[in-house]
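The values are calculated or read from the model by the stated rules, or taken from the named source; none is laboratory data. It should be emphasised that the depicted structure is a prediction, and the values quoted were computed from it without experimental measurement. Because the Cβ atoms are built from the backbone with ideal geometry, glycine has one as well, and the counts that use them run over all protein chains shown.
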Amino acid sequence: MKNQKSYTVDEATKALEHFCAYQERCHKEVEQKLYDLKMIPEAKELIILHLLQHNFLNEERFSKTFARGKFSIKKWGKIKIVNELKFKNISSYNIKSALAEINDEDYLITLQKIAEKKFQLIKEPNSFKKKNKLSNFLISKGFETNLVYKVVNNLD
């Protein structure tokens, strides 16, 4: 069994400050990191309080950044973004404000572009099956079913 380095509260605080400064984090990720560092509950509370007070940890900022990033870079739909945020124990208030970061017009344009691009790539002679495959793909990316069917039915 290898020796695990033990951290003082100050060392762990500095490590977590760096962890949060490098990339936006949510409470769940910070708690997991503290668990990995084998910190005792009292130390965890102190460190999380410090991170919150010094604005290293901000759940609303995290959720907005997460939603913008997953939409603009990974082209995720709102359903997938909401599910991931829920998995990270983000409050419904913060999820709502995160979704407000996504412009409705950009959202529909992105859905349309993805659908057209993927439609060209699906090698299926049967039009019905081709549209079905496309619909399943778009739904798996987290786009709402009603929007998916609207876009897919207008493709030929």
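For Leu155, the criteria (1) modelled with pLDDT of 95 or more; (2) surrounded by 11 or more Cβ atoms within 10 Å (Cβ to Cβ) hold in every case but one, which is (1). Of all the criteria given as (1) under 30 Å from Ala21 (Cα atoms); (2) in a helix (DSSP H, G or I), the one not satisfied by Ile139 is (1). Note on the stretch 64-88: residues that are part of a loop (DSSP other than H, G, I, E, B) and surrounded by 13 or more Cβ atoms within 10 Å (Cβ to Cβ) amount to 4. Assessment of the stretch 91-105 against the conditions (out of contact with any helix residue (DSSP H, G or I) (no Cβ under 6 Å at 6 or more places or on another chain), assigned to a helix (DSSP H, G or I), assigned by TED's automatic domain parsing to the domain that holds Lys70 and among the aromatic types (Phe, Trp, Tyr)) yields at least one matching residue. Inspect all residues belonging to the stretch 46-57 and state whether any of them is in contact (Cβ under 8 Å) with a residue 40 or more places away in the chain and of a type outside the set (A, V, I, L, M). There is at least one residue in the stretch 46-57 that is in contact (Cβ under 8 Å) with a residue 40 or more places away in the chain and of a type outside the set (A, V, I, L, M).
Of the residues examined, Asn132 is one that is touching a helix residue (DSSP H, G or I) at 6+ places or on another chain (Cβ under 9 Å) and over 21 Å from Glu24 (Cβ atoms).
For the residues Glu116, Glu124, Glu144, the requirement of being of a type in the set (D, E, K, R), surrounded by 11 or more Cβ atoms within 10 Å (Cβ to Cβ) and either in contact with a strand residue (DSSP E or B) (Cβ under 6 Å, 6 or more places away or on another chain) or at pLDDT below 95 (or both) singles out Glu124.
If you check Glu124 against the conditions, is it closer than 30 Å to Asp10 by Cα and of a type in the set (Asp, Glu)?
Details: closer than 30 Å to Asp10 by Cα: no; of a type in the set (Asp, Glu): yes.
No: the conditions fail for Glu124.
Restricting attention to the stretch 1-45 and to residues that are free of Cβ contacts under 8 Å to residues at least 60 places away in the same chain and among the basic types (Lys, Arg), the residue that is farthest from Phe62 (Cα to Cα) turns out to be Lys2.
Just one of the listed residues (Leu57, Leu111) is in a loop (DSSP other than H, G, I, E, B) and surrounded by 15 or more Cβ atoms within 10 Å (Cβ to Cβ), and it is Leu57. Per this entry, Tyr93 is counted among residues that are surrounded by fewer than 15 Cβ atoms within 10 Å (Cβ to Cβ), of a type in the set (Ser, Thr, Tyr) and either modelled with pLDDT of 95 or more or under 30 Å from Tyr35 (Cβ atoms) (or both). Selection of the stretch 114-136 for residues being part of a loop (DSSP other than H, G, I, E, B) and either assigned by TED's automatic domain parsing to the domain that holds Ile79 or of a type in the set (Asp, Glu) (or both) yields only Glu124. Would you confirm whether or not the stretch 65-78 contains a residue that is at positive phi and not assigned by TED's automatic domain parsing to the domain that holds Thr110? Yes: one or more hits.
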